[in-house]
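Undergrad: Questions regarding the structure given below will be posed in turn.
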Amino acid sequence: ELIECQSTGPSACKYQNVSRARFEGVELNGGLKPIPYTTLELGYINLSARNEKTGAQLFNRSRNAVKSKLTWDYTPLGLNFTTRVRWDEGFGAVDSNRNGRIQPNEKADPTVQIDLRLAKELWKHASVHFGIDNLLDDTQATFRRTPGRVFYGGFTVKY
């Protein structure tokens, strides 16, 4: 049982119940510390998301994605800088002919999302952070993890 919002155009969708959805895939992740205070992580995701009744690929899910994260954690000054980059292969974005199958002209282009975050420890139990998600302001796909470029900030207190 899976309720899907299948896009039929800009800001419009048709809800459908996928009675037999199957998700299968592989996710590989690895990391290393190339220099002091720095960590690099890389990952690959391969996902098969299908409607088992029809055999059709489900909308809004990339078959392949590559992700990376670079962290610089300079503890002597209490600074942490993180950047994330994710590439998603094109996926079924709009069911313009409403046939429930992804046609080549209904696929979103591959996307790149870059997120940046800077944090500063103020004292042992408090920190402040600022960031930008989706730096490139990629809004081409109908359904995105973020609705364009997002700026944020915050204050954290731990006890």
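Undergrad: Determine, yes or no, whether A108 is over 30 Å from V157 (Cα atoms), touching a residue at least 60 places away in the same chain (Cβ under 8 Å), touching a Phe, Trp or Tyr at 6+ places or on another chain (Cβ under 9 Å) and buried (at least 16 other Cβ atoms within 10 Å of the Cβ).
TA: Criteria not met by A108.
Undergrad: Out of the residues in region 111-120 that are crowded, with 16+ Cβ neighbours inside 10 Å and of a type in the set (D, E, K, R), state the one that is nearest to T139 (Cα to Cα).
TA: D115
Undergrad: Which count do you get for residues in region 94-105 that are touching a strand residue (DSSP E or B) at 6+ places or on another chain (Cβ under 7 Å) and surrounded by 13 or more Cβ atoms within 10 Å (Cβ to Cβ)?
TA: Going through region 94-105 one residue at a time, the tally reaches 3.
Undergrad: For region 1-93, list the strands (runs of 3 or more DSSP E) that sit wholly inside it and hold at least 3 residues that are open to solvent by 50 Å² or more (accessible area, probe 1.4 Å); which are they?
TA: Those strands (runs of 3 or more DSSP E) span 12-18, 21-32, 38-51, 64-74, 79-88.
The values are calculated or read from the model by the stated rules, or taken from the named source; none is laboratory data. Everything numeric here is computed off the predicted structure, so don't read it as measured data. Quick reminder, even Gly has a Cβ in these numbers, built from the backbone with ideal geometry, and neighbours come from all protein chains shown. For accessibility, only protein heavy atoms count, side chains too; no ligands or nucleic acids. Shrake-Rupley method; radii C 1.70, N 1.55, O 1.52, S 1.80 Å.
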